[in-house]
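Participant: Starting off with a structure, shown below.
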Amino acid sequence: MSAVTLPNAEPPAGPAGVPRWWRGARPWLTPVFGLAALAVMLLLLARELSHVRYHEIVAAARAVPWQALLLSVAATIASYAVLPGYDAIALRWVGRRLRYRQIAFASIITYGVSQTLGFAAFTGSSLRLRLWSAWGLDTWEIARAAAFSGATFTLGILTLTGLVGVVEPLVALQRLHLPVMAVRLLSALCLCGSSAWVAISVARVRSLRLGGHELRVPAPSLVARQYAVAAADWCLAALSLWVLLPAGHGVGALAFFGAFLLSQGIGLLSHVPGGIGVFETLMVLQFGDTVRADRLLGAILAWRAVYYLLPFTGAIALLVTHEARWQRARLARAASMVSAGFERWAEPLLPTAIGAMTMIGGAMLLLSGATPSLHGRMRMLVDVMPLGVVELSHFAASVAGTGLVVLGWALTRRLDAAAQLTRVLLGVGIAASLLKGLDYEEATALSVVFVVLTASRRAFYRRASLLAEPLSPGWVAAVLAVVGVSVWTGLFAFRHVEYSTDLWWHFAERADAPRFLRASAGAAIALGVVGAVRLLRHAAPVLALPTTSELEEVAALVPRLPETAAALALLGDKHLMFAEQRDGFLMYGVSGGSWVALGDPMGSDHSRRELAWRFREAADQHGAAPVFYEVSNRHLPLYIDLGLTLFKLGEEGRVPLESFAVDGGGRRGLRRTIRDVERAGGAFELIESTQVPTGLPELERVSNAWLGAKATREKGFSLGRWDPTYIERFPCAVIRIDRRIVAFANVWTGNGSELSVDLMRHLPDAPPGAMEYLFIQLMLLGRARGFRWMNLGMAPLSGMEAHALAPRWHRVARLLYSHAEHFYNFRGLRAWKEKFDPEWEPRYLASPAGLALPRVLANVASLISGGIAGLVLR
């Protein structure tokens, strides 16, 4: 049973006559409709269950025989074994073939996640897009295949609904006030629509034109497979619930199948995650007179655990298993092609899966806080634990659950802050689950999520603010639906309690209803705080990364600027602000509440001043702190005029090439490096930018090996990264051994006076001293070509004042510089650069002072490499 939609894509621009308010409101229509449908269904369900107690439903679920559970599991396994057929047929239709194990792997993950969460366009289609694109399909092929899978699903439900409606009059629908003849007429129409597709295929019509698009009609054999897969999918899904119904239920097979199809179809149309609440209500409405409502709901609860949670758990386990295997391969430095392939297609799936797990874990905490505790466990707990601890834990569990439901969305966007906060809330939830009622089942489930999240921390690398990320309407609706269902469950479970003001302050061992009220209030307050903070924050800046034409404009400016670091703008990962005269620019990033400019503004003195003030004004308009990172001492008066405070970051080394040589007593070490590398067969070569594209595959191999050996991923902002479009813009210095490249560095040239290197990578088997040899040869070549300087980059935290009355920042920096070797080799880096006898120039951070500084430092660090240590790394 599956719903497939097209992959996510940028929405097309609407017509010019469409009002702006409608464009803004349109994304909310489906989520609001889903919430309204859920609310109506829950009200109907509460009416139908007016004579049913919560504990009766729980008892019915526990009373399901284990033989029935095994049959349901078998039907579920068979159903999920059929699901790859949807994708196999669609791929055959678009003319692409994948190995069956690839199709099955994608199907297990895709359907295991999307059927549990709903929102197929966000979960299932995005997962399929990542997997299939890594296996060679382009976006258009994936979109066509996804649409064809959706058509197969639709054909299946139309055909089966039509057949059941014509053969079986669906007497159960009379409680829904639907006349039998009307049902049969609608069923006949469904059959006609389904039969038309078969007739078109049998008539050998090659294509149809629909809405200006041409649709290729599949061959009859492929159409037959469509019907076979869809029919098997729906029949097995219905069978997995049918076997769980209580003995002697008296429900006919066809009547049950028709009701199942109707309930699932409406549940899918409601866009409620998993159709929860909608499916249950419709089944009770149709069979409430035939099967006792408590037993029917008990069977449905067991079915949801078998058909939804088990496959979801299996999909997550499959992903985690592959992640663990990849980690072992990487640590062993073996199977490099396998590890690179897994990183390309499997790792991006983890954030979506872990986000789903987190949301389910939060929903579990909320539902647990809304239902009665097990009195035996509670009695054991109160005997050894103060009642106040139990009450506080119950409240904390629901608040943590609310936070986890919200953070599930942030994890799908790979935010590092969300991963850290989720680990904290999971820890709170684990402890609170045990302290509020010895709920070890919940604690175990949350512990699994914690372990998976911790093991996959590399997947959460985005250094962005939680409040700055847009929260989609679908996720807003999902959060509200989860909280709303938990509140409804609590009201249903404790509806026999007489509510009064005093109930809020009633504390006792068996005071479950007061605990539910306080926990629900805590969840509502937590949601209100999150909503208020997001609504009251400054308007998020509408910023776009540079266009291709803007990057080409920068590429024309860079060779004329003295600062070689201006080339970092060509990465395209930073926003650009051009001077009015278009003779200079400023590059910057946005993190949290800070706008961070990289280096001094580029251009003439007039343009520098203009850009600095415009940047200051733009940041102020959005309530952000203006920050200038790694600025030189030549323009300090400008930053003082801006009202900013200066903090020394370290010193930048620049080697005067006119006096650089390798002869003389002081350069004995450099000559030894040259001898050692050349004795190992090493030879230096400078590849001009026009020739770099032909060598990109070999350079990429070196880069990937370097990243794997360092157990790290690409950084950004003030550092270059592997990007073929970026790399091929510059000359590249390489070291070859037997014509094989073992080390390289791309070379920046600033207006013919300064050289600098950016991306430095080498193979693990490169000879010792290879990068030092590369620097020596590049400086000698630069001197021969008339360059005046070689920029060695920053030595972080070096050159700080040692006087006892020096600023506190200098004293802290000197302490880190001297004693933080376990985190970063500050002194070793300075010593390595000293051997070239550079001239040292200070570099500063210009930012607002006072209480804003800690936040600024954190935001700058998040842009660069994460953590405060990243603040000073170039």
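The values are calculated or read from the model by the stated rules, or taken from the named source; none is laboratory data. This is a predicted model, so every value here is computed, not measured. FYI the Cβ positions are ideal-geometry reconstructions off the backbone, even for glycines, and counts take in every protein chain you see. Surface areas here come from the heavy atoms of the whole protein model, side chains and all, with no ligands, DNA or RNA. Shrake-Rupley method; radii C 1.70, N 1.55, O 1.52, S 1.80 Å.
Participant: List the aspartates and glutamates whose alpha-carbon lies under 12 Å from that of residue 648, not counting same-chain residues fewer than 8 positions away?
Facilitator: Correct list for residue 648: 630, 801, 841.
Participant: Determine the principal axes of the Cα atoms in the range 596-702, then give the extent along each, sorted from largest to smallest and rounded to whole angstroms.
Facilitator: Its Cα atoms span 60, 40, 23 Å along the three principal axes.
Participant: If the cut-off is 15 Å between C-alpha atoms, which aspartates and glutamates fall inside it for residue 715, apart from same-chain ones fewer than 8 positions away?
Facilitator: Within reach: 416, 573, 723, 758.
Participant: Same structure again: In nm, to one decimal, how far is the residue 444 label point from the residue 196 one, both placed 7 Å along Cα→Cβ?
Facilitator: Once both label points are built, they end up 5.3 nm from each other.
Participant: Where does each of 28-35, 728-735 land if you order them by average Cβ count within 10 Å, highest first?
Facilitator: The peptides rank, most packed first, as 728-735, 28-35.
Participant: Let me ask you something else. Hey, what's the Kirkwood Rh for the range 34-120 if you take every pair of different alpha carbons, in angstrom?
Facilitator: Every distinct Cα pair counted, the radius reaches 16.7 Å.
Participant: Rounded to the nearest 0.05, what FRET efficiency is calculated for residue 269 and residue 701 with R0 set to 41 Å and r the Cβ-Cβ distance?
Facilitator: 0.25
Participant: Using each residue's phi in the range 235-252, evaluate 6.51 cos²θ - 1.76 cosθ + 1.60 at θ = phi - 60° and report the 3J(HN,Hα) Karplus result to the nearest Hz, with x for Gly and Pro.
Facilitator: Karplus values, whole Hz, x for Gly and Pro: 5, 5, 5, 5, 5, 5, 8, 4, 6, 8, 4, x, 4, x, 5, x, 9, x.
Participant: Provide the three semi-axes, in whole Å and in decreasing order, of the ellipsoid equivalent to the range 705-801 as defined by the square roots of 5 times the Cα gyration tensor eigenvalues.
Facilitator: So the three semi-axes of the range 705-801 are 21, 19, 15 Å.
Participant: Given labels modelled 7 Å from the Cα in the Cβ direction, how far is it in nm from residue 620 to residue 663?
Facilitator: Each label point lies 7 Å from its Cα, and together they span 6.0 nm.
Participant: May I ask for the percentage of alpha-carbon pairs in the range 490-645 that lie more than 22 Å from each other?
Facilitator: Counting pairs separated by more than 22 Å, the tail of P(r) holds 56 percent.
Participant: For the range 650-691, state the average projected area of the convex hull of the C-alpha atoms over all orientations, rounded to one decimal in nm².
Facilitator: 5.5 nm²
Participant: When the Cα atoms of the range 648-764 are enclosed in a convex hull and the volume is divided per residue, what value in Å³ results?
Facilitator: Here the figure is 155 Å³ per residue.
Participant: Using θ = phi - 60° and the Karplus relation 6.51 cos²θ - 1.76 cosθ + 1.60, list the HN-Hα couplings for the range 616-633 in order, rounded to whole Hz, with x at every Gly or Pro.
Facilitator: Per-residue couplings from phi come out as 4, 5, 5, 4, 5, 4, 9, x, 9, 8, x, 9, 10, 10, 6, 8, 8, 7 Hz.
Participant: Grab the Cα-Cα distance for residue 228 and residue 70, subtract it from 0.36 nm times how many residues apart they are, and report the gain in nm with one decimal.
Facilitator: 54.4 nm
Participant: Quick one: length gained pulling residue 832 to residue 671 fully straight, 0.36 nm per residue minus the C-alpha distance?
Facilitator: 56.5 nm
Participant: Can you give me the distance in nm between label points at residue 765 and residue 605, each placed 7 Å from the Cα along the Cα-to-Cβ direction?
Facilitator: The answer from the label model is 5.7 nm.
Participant: What does the accessible area per residue of the range 345-430 come to in Å², with a 1.4 Å probe and no ligands, DNA or RNA counted?
Facilitator: Heavy-atom SASA per residue in the range 345-430 reads 30 Å².
Participant: Follow-up. By how many nm would the segment from residue 55 to residue 36 grow when fully extended, if each residue of separation counts as 0.36 nm and the alpha-carbon distance is taken off?
Facilitator: 4.1 nm
Participant: Might you work out the accessible area of residue 547 for me, using a 1.4 Å probe with all protein chains in place, and round it to the nearest 10 Å²?
Facilitator: Result for residue 547: roughly 70 Å² accessible.
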